[in-house]
1. Does segment 57-80 contain any residue that is under 15 Å from the mean Cα position of the chain (by Cα) and buried (at least 18 other Cβ atoms within 10 Å of the Cβ)?
2. Considering only segment 1-53, give the strands (runs of 3 or more DSSP E) lying wholly within it that have at least 3 residues that are more than 16 Å from the ligand (Cβ to nearest atom) and surrounded by fewer than 24 Cβ atoms within 10 Å (Cβ to Cβ).
3. I want to confirm something. Restricting to segment 177-198 and keeping residues that are among the aliphatic types (A, V, I, L, M) and within 16 Å of the ligand (Cβ to nearest atom), which single residue is farthest from residue 163 (Cα to Cα)?
4. Assuming residue 87 fulfils every condition listed in (1) in a helix (DSSP H, G or I); (2) within 13 Å of the ligand (Cβ to nearest atom) apart from one, which condition is it?
5. Can you tell me how many residues within segment 6-28 are farther than 13 Å from residue 402 by Cβ and either among the β-branched types (Val, Ile, Thr) or in contact with a Lys or Arg (Cβ under 6 Å, 6 or more places away or on another chain) (or both)?
6. I need a count of the residues in segment 369-419 that are among the basic types (Lys, Arg) and over 27 Å from residue 90 (Cα atoms).
7. Quick one: in segment 139-159, which of the residues that are within 26 Å of the chain's Cα centre (by Cα) and within 16 Å of the ligand (Cβ to nearest atom) is surrounded by the fewest Cβ atoms within 10 Å (Cβ to Cβ)?
Amino acid sequence: MDKIIIRGGKRLKGKVKISGSKNSALPILFASILTDEPSTIKNVPDLADINTTVSFMNFIGKKTLKKGSSVITFSSGNYKHIAPYDLVRKMRASVLIMGPLLARLNRVDVSLPGGCAIGARPIDIHLEAFKKMGAQINVEGGYVKMSAPEGLSGAEIKFRFASVGATENVMLAAVLAKGVTKIINAAKEPEICDLSDVLNKMGADVKGAGTKTITIKGVNKLCGFTHNVIADRIEAATYLIACALTKGEITLENAEPAHLKAVTAKLKKAGLLIKEKNGAIYAKWVKDLKPQNINTAVYPGFPTDVQAQWTALMCLLKGKSKICETVFENRFLHVAELLRFGAKLITDGKCVYVSGVENFSGAPVMVSDLRAGAALVLAGLAAEGKTVISRIYHLDRGYDMLEKKLKKLGADIKRIKNV
Ligand code: EPZ
């Protein structure tokens, strides 16, 4: 397996281009199954999860090709209705195949995705919604088998939690359903708006994306589309925190400042100089930062996907801070690894209580999940000495050219293969 070696202490300086959003590209790729016409998705990040999705779509019967940072899907119509365990277990977002296949085939058998490092990650909200839309559901042999012989019908669906995936899955199913679907307490993330833009480009009738109520009027047919995926707000936030941690000065290009207001607001309050303009964010460390408490929340709150990276930053600021995770039940696996750098922090499972330390010293550490891995890279950039990070395949799922981009900013970082 590959490892990343970092010799920390270098101030990051320069420009970094933010890639397209993983969490927007994935549902948009699945949306292309809703049409038999060719589609082109641009600004797609080069990530393991994208490659997994491309092979998954080809397996299902949707001919899909990656060409540079574009993905092209071709006209095809005979889809398989089964999403097997060995594909779904690799990437939980595969459950987003449910909506499009139910809409096209009136049936789908999807392996239950199982949990992951950050939690059990059930899909009850998705299934309750499909049931309300007329799907018969039974779970057997580790598969969710759903069918709607008469086709799906619109319904009023109230989410107990503003689930991102469930909102996307229902949108993907409802656009071809008979009648009107109303999602109440929908997720409001920018990725939901990007998906809605794509569906409307395809000829769907989706209103209210970005608010807590989304109304979808079913149509008979959808056409192909061309779309530029929005910038990855989590990648952008990660680089801003890297700038803060290394006392650097960077400019993020192709970033969307409006999508990471909760993070930039906290960084500004801490004392990082940040200037935003359309498509770019400039950040400069100008003075010792003050620790800031955070509670993660659904959008537009502080994103759970930035919690681990934020914790790494708080560990190196003078003073105490409290970081609470309200979205996932087990998103503190980075805590044990941060302790290996010399951090002072304890967790009660809901919150992390940090006492800042002067500095970190490099250490061998192991990645447990994507964003915890980002936190370890950030810690290594700030640590004195050498850090060796293993199990970096988690990072390859969500960060496009991570070590190349950091190296260009002046970090002493390299990947060693198959060690
Ligand atoms: C999406 O996951 C993102 N993944 C996650 O990013 C992100 O952390 C999450 O949204 C929250 O913002 C993609 O977009 C591919 P949820 P998703 O459904 O859709 C519970 C990353 O690092 N829940 O909003 O799975 C669930 O267990 C990844 O890029 C149910 O209980 O998130 C969790 O505690 C990690 N039942 C909470 O809701 C359900 O049916 C949030 O889940 C669905 C969810």
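1. For segment 57-80, residues under 15 Å from the mean Cα position of the chain (by Cα) and buried (at least 18 other Cβ atoms within 10 Å of the Cβ): absent.
2. Counting at least 3 such residues, we get 3-7, 13-17.
3. Restricting to residues being among the aliphatic types (A, V, I, L, M) and within 16 Å of the ligand (Cβ to nearest atom), the top hit is 198.
4. (2)
5. Here the count works out to 3.
6. Counting residues in segment 369-419 that are among the basic types (Lys, Arg) and over 27 Å from residue 90 (Cα atoms) gives 3.
7. 158
Residue-wise test of (1) more than 16 Å from the ligand (Cβ to nearest atom); (2) touching a helix residue (DSSP H, G or I) at 6+ places or on another chain (Cβ under 8 Å); (3) among the charged types (D, E, K, R); (4) in a loop (DSSP other than H, G, I, E, B).
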residue	(1), (2), (3), (4)
331	no, yes, yes, yes
334	no, yes, no, no
338	yes, yes, no, no
349	no, no, no, yes
352	yes, yes, no, no
358	yes, no, yes, yes
365	yes, yes, no, no
368	no, yes, no, yes
371	no, yes, yes, no
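The values are calculated or read from the model by the stated rules, or taken from the named source; none is laboratory data. Not measured: the values here are computed from a predicted model. Every residue, glycine among them, receives a Cβ derived from its backbone with ideal geometry; neighbour counts consider all protein chains shown.
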